[in-house]
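Following: one structure in structure tokens, then a few remarks.
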Amino acid sequence: MSGNSSYNPTGAVEKWFDERLPILRFSKEHLMDFPTPKNINYWWTFGAVLAFILVIQIVTGIVLAMHYVPNSELAFNSVEAIRRDVNYGRIIQGTHAVGASMFFAAVYIHIFRGLYYGSYKAPREILWILGVVIFVLMMATAFMGYVLPWGQMSFWAATVITNIFAAIPVIGDPILALLRGGFAVDNATLNRFFSLHYLLPFIIAAVVGLHIWALHVPGNNNPVGVEVKSSHDTLPFHPYFTMKDLFVIVVVLIPFAWFVFFAPDILGHPDNYIPADPLLTPPHIVPEWYFLPFYAILRAIDFDMWFISSKLGGVIFFGGSILVLFFVPWLDRSKVRSGNFRPLFRPFFWLFVLNFLMLTYLGAQVAEGIYVLLSKVGTAYYFAYFLIILPIISRVERPAPLPASISESVLGKAEASGEKGQ
Amino acid sequence: MASEATSGTTRRDFLYVATGAVGAVGVGAAVWPLIDQMNPDASVRALASIEFDLAPVGVGESFTITWRGQPIFVRHRTEAEIAEARAVPMEDLKDPATDLERVVEGKEQWLIMIGICTHLGCVPLGQKPSDAKGDYNGWFCPCHGSHYDIAGRIRKGPAPLNLVLPPIEFLSDTIVKVG
Ligand code: HEM
Ligand code: FES
């Protein structure tokens, strides 16, 4: 999207600088003047919310690492000391722990936005794939971060999740030893998780850079899913969308601050305030809320399929539930992007959202009775949506007529053509 | 020279491939230590074996010790429990093993197993008298609901295998070495 640069270096110094490192030009083009569809709605603000939370996590995390001790004997108490003794430590630690939850809440909104408005479709496949990569890295980061306080849930989450890799035939056990650095989860595991927990957010930041690069090649999708046709369809990013994004960031900060100040532990599990005990599994282990849907899928496979054991089967479905996202651009073959113009797609999409919420609920329940059955149904629909329903409806559906342009969808036909006539 | 150039492969091609191969081996050799450092280190590997005395454990009692950071379940089984374990038909088992295959001959009352669920690694309940023992009167893993019988064999739930037996050796009538 070059060629729309309005950067004119004023003065000799700026000019000299621009010829050597055109970073101001770059910033002006990409952070200020970038042409943005004028019809994007509030669902489009969550990318900015995510970038904001990533910065919060990195800043609070670096501060926590100044006081945290990655040692199995000391870690638990060091986090308690942060919360009790370090100046403002209670708020900084609370912000980091709650921040992880806010991060996932925002990323789920961001992903479902993409699924509804078909933002993964050509020419945005790489953009979407980079997004899924970020999601996977976020999960790894949050999982390893959750292990650091070395409470009961930390320890048993580490045990169960590393064990998932042991289900892989042949190479599973060597991988398990490599992840844990011992015969069981122990100090060695905690140390490497701390190292990687520190590293991964910076990798995420780098992939976010690529994600935005890939966004700025075709530009934003928008609620009607019709590409930008002329400059009438767009507004400059700044100040129109910087202000809108900032507004939503402030709105998001309200529940964020409420959690940090009034209920910093409500999103976590009380058992994580019991120091880790390798000989005693808590009666009911549950992951953090943001992993629950995938955990429900993992547990739903409690039966053998042909030569695949229930354990390996669970792992295949668990991994598959995330891997399938990479293929969505090719599973949904409809040329129409936006769900607004896809009458057949819409009910299945909303059912998918409900099903995802149901799986979240089920992941926190004990694996018994009706919950097991519902988890199986939910898992079946999750996969059916991507592998069967999307490919089929994109063939049989008759989409509603699309507006000729973004301007037309905003202003109506007459006005839009009038505008063109100007 | 001219004939070599037309024949397709040249000395130069050979040198390219050879250089590339040596480079790849070099990179591999440099990367391997960076990966292998993550494997269990010498101090972990040194905790290879432990010995303990069974004498204080009464009939029907259990206790747990740690070996390589993992819980070891020791159970002094009653006659009735041994009989129950032996009576189970092989067709009922997901991971078939007779009771005798899981104990030392002549010491059938002592069941010694690694107390880690073969599903995803939780520690099953059943060592304490007050614990849930599952539907088969043995051990019950609360994480995803695996039931083990009184020989530690998987009977129900997602775990694929029986509780694993550590390498053990009776050094005397009551002294056992694990590892
Ligand atoms: C992608 C962004 C990040 C996410 C999603 C994330 C997530 C988490 C989570 C869920 C916890 C456990 C909090 C608790 O239950 O108490 C945690 C702890 C921790 N994180 Fe992060 N984190 C991120 C970035 C960072 C960064 C950049 C650092 C810098 C070194 C860092 C350092 C720490 C430390 C020292 C702890 C242990 C103290 C504590 O438990 O609060 N984190 N992280
Ligand atoms: S870890 Fe025991 S049932 Fe899953």
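Every number in this text was worked out from the coordinates using simple rules, so none of it is lab data. These numbers were taken from a predicted model, which means no experiment stands behind them. Quick reminder, even Gly has a Cβ in these numbers, built from the backbone with ideal geometry, and neighbours come from all protein chains shown.
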- Computed over chain A, the relative contact order (Cα-Cα under 8 Å, seq sep at least six) in percent reads 22
- Sticking to Cα atoms, compute the Rg of the stretch B:25-179 to one decimal and its Dmax as the biggest Cα-Cα distance, whole number, in Å. 17.9, 63
- For residue A:227 paired with residue A:247, estimate the spin-label separation in nm (one decimal), with each label point 7 Å from Cα along the Cα-to-Cβ line. 3.0
- Query: In nm, to one decimal, how far is the modelled label at residue B:49 from the one at residue A:126, with both set 7 Å along Cα→Cβ?
  - Reply: 5.9
- Potential lengthening between residue A:195 and residue A:87 on full extension [0.36 nm per residue; Cα-Cα distance subtracted]: 36.4 nm
- Message: Using a Cα-Cα cut-off of under 19 Å, which lysines could be cross-linked to residue A:311, ignoring same-chain neighbours fewer than 8 residues away?
- Response: A:376, B:94, B:156
- Item | Proximal lysines relative to residue A:28, as straight alpha-carbon distance under 24 Å, when same-chain residues fewer than 8 apart are discounted | A:15, A:38, A:229, A:244
- Counting each DSSP H run of 4 or more residues in the protein assembly as shown as -39500 (n - 2.57), what helix-only mean residue ellipticity at 222 nm follows after dividing by all residues, to the nearest 500 deg cm²/dmol? -16500 deg cm²/dmol
- What's the percent breakdown of Cα-Cα distances in the stretch A:1-98 across 10 Å bins, shortest bin first? 13, 25, 18, 20, 18, 6, 0
- Förster radius 56 Å - calculated FRET efficiency between residue B:79 and residue A:65, Cβ distance, rounded to 0.05: 0.45
- Query: More than 12 Å apart: what percent of Cα pairs in the stretch B:140-179 qualify?
  - Reply: 63
- Item | For the stretch A:320-411, projected area of the alpha-carbon convex hull averaged over all directions, nm² | 7.4
- C-alpha center-to-center spacing [the stretch A:117-164, the stretch A:263-320] in angstrom: 14
- Message: If I fit a long axis through the Cα atoms of helix A:125-147 and take the longest principal axis of the Cα atoms of chain A, what angle between them do I get, 0 to 90°, rounded to 10?
- Response: 30
- Note on the structure: When B:16, A:381, A:295 are arranged by how many other beta-carbons sit within 10 Å of their Cβ, fewest first, they go B:16, A:381, A:295
- Task: Please determine, in degrees from 0 to 90 and to the nearest 10, the orientation of helix B:11-36 with respect to the longest principal axis defined by the Cα atoms of chain B, where the helix direction is its Cα long axis.
- Result: 30
- Query: If R0 is 22 Å, what FRET efficiency do you get for residue A:333 and residue A:353 from their C-beta distance, rounded to 0.05?
  - Reply: 0.55
- Just the ratio, please: alpha-carbon radius of gyration of the stretch A:13-60 over 2.2 N^0.38 Å, N its number of residues. 1.61
- Excluding residue A:282 itself, what net charge comes from residues whose Cβ is under 14 Å from its Cβ, given Lys and Arg +1 and Asp and Glu -1? -3
- Run the quick spin-label model on residue A:306 and residue B:66: label points 7 Å from Cα toward the beta carbon, then report their separation in nm to one decimal. 4.4
- Query: Where a Cα-Cα gap under 13 Å defines reach, which aspartates and glutamates qualify for residue A:335, not counting those fewer than 8 residues away within the same chain?
  - Reply: A:227, A:397
- Message: To check my understanding: the extent here is largest minus smallest coordinate of the Cα atoms along each principal axis. What are those three numbers for chain A, in Å, largest first?
- Response: 77, 60, 42
- Message: Can you give me the orientation-averaged projected area of the convex hull built on the Cα atoms of the stretch A:45-120, in nm²?
- Response: 5.9
- Message: Quick check: net charge around residue A:240, other residues with Cβ under 12 Å of its Cβ, Lys/Arg +1 and Asp/Glu -1?
- Response: 0
- What is the stretch A:1-123's relative contact order, in percent, from Cα pairs under 8 angstrom and six or more apart in sequence? 24
- Note on the structure: In the neighbourhood of residue B:95 defined by beta carbon distances under 14 Å, the net charge of the other residues (Lys, Arg +1; Asp, Glu -1) is 0
